[in-house]
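Engineer: Quick one: the structure is below, questions incoming.
Every read-out reported here was derived from the displayed coordinates using simple, explicitly stated rules and does not represent laboratory data. Only a predicted model underlies this, so the values are computations on that prediction, with no experimental measurement involved. Reconstructed Cβ throughout: ideal geometry from the backbone, glycine too, with neighbour counts over all protein chains shown.
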Amino acid sequence: MHREAVDFIIKGDYVLTMTETAEPLIDAAVAVRDGRIVDVGPAREMEDRYLPGKVVGGGRRVVMPGLVNTHTHAAMVYFRGMADDLPLKVWLEENIWPAEARWLSPDFVREATELACLEMLKAGVTLYNDMYFFEDASTEGIKRLGMRAVLGAGILDFPTASVGDVSEYFSRAEDFIDKWAGDDLITPSIAPHAPYTCSPETYRRALMMGERYDIPVHTHLCETRWEVEEVNRLYGKTPIEHLDSHGLLNSRMIAAHCVWPTEREIEMLAERGVSVSHCLESNLKLASGIAPVVKMLDAGVRVVFGTDGAASNNDLDVMSEMSTAAKLHKAVSGDPTALSARTALLMATRRGAEALGLGDSLGSIEKGKLADIVVLDIDKPHLVPVYNIYSLIVYSAKSSDVESVMVNGRLLMEGYRFSAVDEDEIMQKARRWRERIAQAAGGL
């Protein structure tokens with residue numbers, strides 16, 4: 001019998017397709033060729049049908065779509081642990097913004113992005129949604145690691161280390177979008193920072209750019225009580241009401257945090273099709289509050305997971321976010337059935353890709369989709385026995401259980417190690433930056 005050549009067969013005791021079918025595939029495999037999923041099914045059928053260049057995974061392994069981090073500031077990983085145990089306003093205005101003014105540069109962003117991508121890939125994250133500055137420099141780090149990213153050109157109403165005024169923000173954003181449209185790993189987006197740092201006119205220009213180029217619009221929204229009070233002071237409305245009154249909420253928008261929406265505002269988010277990136281651990285650490293995720297899900301809001309930047313979290317671990325959220329929201333809602341394990345995993349995979357406008361090509365294991373796949377090693381004491389594989393992953397597995405990672409059909413990590421980059425070199429760069437920052441601050 002003639003076997004069709006493929007690049008990879010990826011095998012596991014379980015293949016979690018994250019499609020509408022709830023049941024996992026048992027003793028199954030995925031065939032990959034030219035960056036896409038060719039087939040998925042029982043392992044024996046896949047082996048009879050296809051001749052692979054390489055076999056990945058095997059027994060006591062779980063094969064699943066790559067995780068999606070829908071809100072972060074990747075290059076802030078170099079500020080990890082620099083200003084902890086502070087309220088958001090103090091953390092941001094008195095510590096992070098001054099540090100960014102002093103240190104942000106293309107070199108800083110490129111090298112910090114390498115570290116962020118390394119951390120995320122080793123934790124099973126194959127796609128992330130970023131909002132930051134010098135995003136052209138970010139692309140160099142992303143391309144070197146082979147990751148996938150939606151990169152938001154940051155927009156503010158005041159100057160930063162990278163840009164002088166609003167017009168320059170938009171002209172640079174347009175250049176960035178033109179440059180990266182159609183790239184195989186980079187999706188450009190537009191990222192107005194927040195309602196208290198961007199005027200309605202700035203948001204309107206950003207949304208028009210999003211419509212013109214058919215790209216996501218990424219923003220912070222309703223993160224803290226202070227933000228609610230400040231926007232109310234400035235505009236006489238709460239943040240979500242304010243944006244909606246100007247026609248600025250739509251299905252193109254992914255809004256990070258949404259910790260303090262009212263019941264009516266939750267309905268607005270659902271009606272307008274806004275996706276919400278739930279950054280629970282950052283919100284907990286900064287005491288920003290706990291977003292009403294169960295109410296949002298019940299209202300039909302697409303809620304997904306983000307980590308925020310490592311300066312406020314302090315990691316980029318979506319598996320940790322998923323596990324913490326699935327447990328905490330049971331306690332907050334008083335309902336042990338709330339946010340089930342499979343729902344949490346859907347939020348971290350397929351729904352995350354959908355929120356970024358990439359659901360047609362990513363987020364699930366289906367024929368024709370791009371091959372962004374992770375393999376978990378479940379041959380470990382904390383992962384036996386297995387009764388329900390979704391529960392095992394959400395409540396027991398850790399990011400350190402990610403054994404192999406594939407993005408765009410390219411095997412980036414196998415057996416816990418990268419072959420294309422020197423991990424020690426990337427971490428050593430981070431240590432050198434830390435020494436420079438610490439010395440300038442008089443020692444940290």
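Engineer: Please list the non-local residues whose amide H lies under 5 Å from the amide H of Met253, H modeled 1.01 Å from N, same-chain partners needing a gap of 5 or more.
Structural biologist: Close amide H contacts, sequence-distant or interchain: Val217, Ser275.
Engineer: Using only the alpha carbons of the chain, determine the length spanned along each of the three principal axes and report them from longest to shortest in whole angstroms.
Structural biologist: 71, 47, 43
Engineer: On the Cα set of region 128-202, report Rg and Dmax in Å, please.
Structural biologist: My reading of the Cα-based Rg and Dmax gives 12.4, 37 Å.
Engineer: Output ³J(HN,Hα) for region 171-183: one whole-Hz value per residue in order, computed from phi by the Karplus curve 6.51 cos²θ - 1.76 cosθ + 1.60 with θ = phi - 60°, and x for Gly and Pro.
Structural biologist: Per residue, the Karplus-derived 3J(HN,Hα) values read 5, 5, 4, 5, 4, 5, 5, 4, 5, 9, 4, x, 5 Hz.
Engineer: Taking Lys380 as the anchor, which lysines have their alpha carbon closer than 28 Å to its alpha carbon, excluding any fewer than eight residues away along the same chain?
Structural biologist: Counting by Cα, and skipping residues close in sequence, Lys380 has these lysines nearby: Lys11, Lys54, Lys122, Lys327, Lys330, Lys398.
Engineer: Okay, next question. Taking other Cβ within 10 Å of each residue's Cβ, how do Val68, Val318, Val293 sort, fewest first?
Structural biologist: Working: Val68 31, Val318 28, Val293 24.
Least crowded to most crowded, the residues run Val293, Val318, Val68.
Engineer: Could I ask something else about it? Mind sorting Leu286, Leu269 by how few other Cβ atoms lie within 10 Å of their own Cβ, fewest first?
Structural biologist: On the way: Leu286 23, Leu269 26.
With the sparsest Cβ surroundings first, the list reads Leu286, Leu269.
Engineer: Moving to a separate point now. Students often forget the sequence filter, so: which lysines lie under 21 Å Cα-Cα from Lys179 once same-chain residues fewer than 8 apart are removed?
Structural biologist: Lys143
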